[in-house]
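To start, the structure under review is shown below, and the notes come after it.
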Amino acid sequence: MRTRGLIPTTVLVLGAVYCLFPVYWLVAAATKRSSELFSTPSVVPSFTGGFAENIQGLLQFAGGAFWGWSLNSVIYAGGGALGATAIAAMAGFALGKYEFRGKRIVLGYVLLGVLVPGIILAIPQYLLMSTIGLAGTHWSILLPVMISPFSIYLAWIFSMSAIPDEMLESGRLDGAGELRLFRSIGLPMLTPGLITVFLLQFVGIWNNFLLPFIMVTQRDLMPLTVGFYSMMNQGTDQTNVYNFVIMGCLLAVAPLIALFLFLQRYWNLDLVTGSLKG
């Protein structure tokens, strides 16, 4: 029995080490001064004051551009994830709980959208946003990410599995309208699944590079990913820039960890509990 348990435990430990090693490397590299970054072992942290020096340099770079990039990332990821979750909840509930003409065609388009890589759509989306005059604005990034076929697909699956038809019929017999059924029965029962949708969307938008790189060129509209790229692009002859980018990447991971820890409690909710409380 011990041998049978040891093998999966070993595999899990190796997987955890594989996933966490880049984070450790990031922490170790963020402690190094510019003169130490390429002259000392990369996995050995430095204690010569490089960590504080890199934070100060990053925050003072280009008049504090890091703060603006961070705010833009919060706007893009937070607003985009909220919008995508709301649209996915409504679309998934409608597809999962209602029968209407053309439903199979709509589902086919959703599944087709899941299979199409987002990178293929970046150029067409830019041309569309340019046509309607939104290229180079916050909306040019927010609007494309609010429509997520994968999120709609997940919400559809959650709706079919988590919401019994009998509860909706009972609500209709009690005189509830369709909007109230969605708000009072559908949403509470979908909450754990929608949190998953929100987290996936938030992380995806937070780490997205290509779409904002194409859509915006102004420095004050860039998110962190494009901002760090601009730092590297203009500072290839300045070793210090690498330290600032590494420190920025380390700081950029913190909101994602905090968000996961904060929302983790809701994943433990029973699917029916939310409906009974609602």
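Residue-wise test of (1) open to solvent by 30 Å² or more (accessible area, probe 1.4 Å); (2) over 15 Å from the mean Cα position of the chain (by Cα).
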{"site": "37", "(1), (2)": "no, yes"}
{"site": "40", "(1), (2)": "yes, yes"}
{"site": "78", "(1), (2)": "no, no"}
{"site": "81", "(1), (2)": "no, no"}
{"site": "85", "(1), (2)": "no, no"}
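Okay, residues lined up against (1) over 18 Å from the mean Cα position of the chain (by Cα); (2) more than 25 Å from residue 71 (Cα to Cα); (3) of a type in the set (A, V, I, L, M, F, W, C):
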position	(1), (2), (3)
118	no, no, no
127	yes, yes, yes
130	yes, no, no
133	yes, no, no
140	no, no, no
143	no, no, yes
150	no, yes, yes
153	no, yes, no
157	yes, yes, yes
Listed residues 7, 120; which is open to solvent by 40 Å² or more (accessible area, probe 1.4 Å) and farther than 30 Å from residue 200 by Cβ? 7
Residue ID - modelled with the lowest pLDDT, chosen from residues in the stretch 54-76 that are polar (S, T, N, Q) and open to solvent by less than 20 Å² (accessible area, probe 1.4 Å): 54
Selection status of residue 204, surrounded by fewer than 21 Cβ atoms within 10 Å (Cβ to Cβ) and closer than 28 Å to residue 226 by Cβ: yes
Go through (1) under 17 Å from residue 84 (Cα atoms); (2) under 19 Å from the mean Cα position of the chain (by Cα); (3) surrounded by fewer than 16 Cβ atoms within 10 Å (Cβ to Cβ) one by one and return the number of the condition residue 111 breaks. (2)
Which of (1) open to solvent by less than 60 Å² (accessible area, probe 1.4 Å); (2) closer than 20 Å to residue 77 by Cβ; (3) part of a helix (DSSP H, G or I) is the odd one out, the single condition residue 143 does not satisfy? (1)
If I filter the stretch 154-172 down to residues being at pLDDT 90 or above and open to solvent by 70 Å² or more (accessible area, probe 1.4 Å), which single residue comes out as nearest to residue 120 (Cα to Cα)? 160
So, in the stretch 228-278, of the ones that are crowded, with 18+ Cβ neighbours inside 10 Å and of a type in the set (Ser, Thr, Tyr), which residue ends up modelled with the lowest pLDDT? 275
Give the number of residues within the stretch 92-101 that are open to solvent by less than 30 Å² (accessible area, probe 1.4 Å) and among the small types (Gly, Ala, Ser). 2
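Let's see how each residue does on (1) in contact with a helix residue (DSSP H, G or I) (Cβ under 6 Å, 6 or more places away or on another chain); (2) part of a helix (DSSP H, G or I):
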residue: 170; (1), (2): no, yes
residue: 176; (1), (2): no, no
residue: 184; (1), (2): no, yes
residue: 194; (1), (2): yes, yes
residue: 211; (1), (2): yes, yes
If we only count helices (runs of 4 or more DSSP H) wholly inside the stretch 1-88, which ones have 1 or more residues that are within 30 Å of residue 110 (Cβ to Cβ)? 65-74
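The values are calculated or read from the model by the stated rules, or taken from the named source; none is laboratory data. Not measured: the values here are computed from a predicted model. Don't worry about glycine lacking a Cβ; one is built from the backbone with ideal geometry, like all the others, and counts go over all protein chains shown. Areas reflect the complete protein model, heavy atoms only, side chains present, ligands, DNA and RNA absent. Shrake-Rupley method; radii C 1.70, N 1.55, O 1.52, S 1.80 Å.
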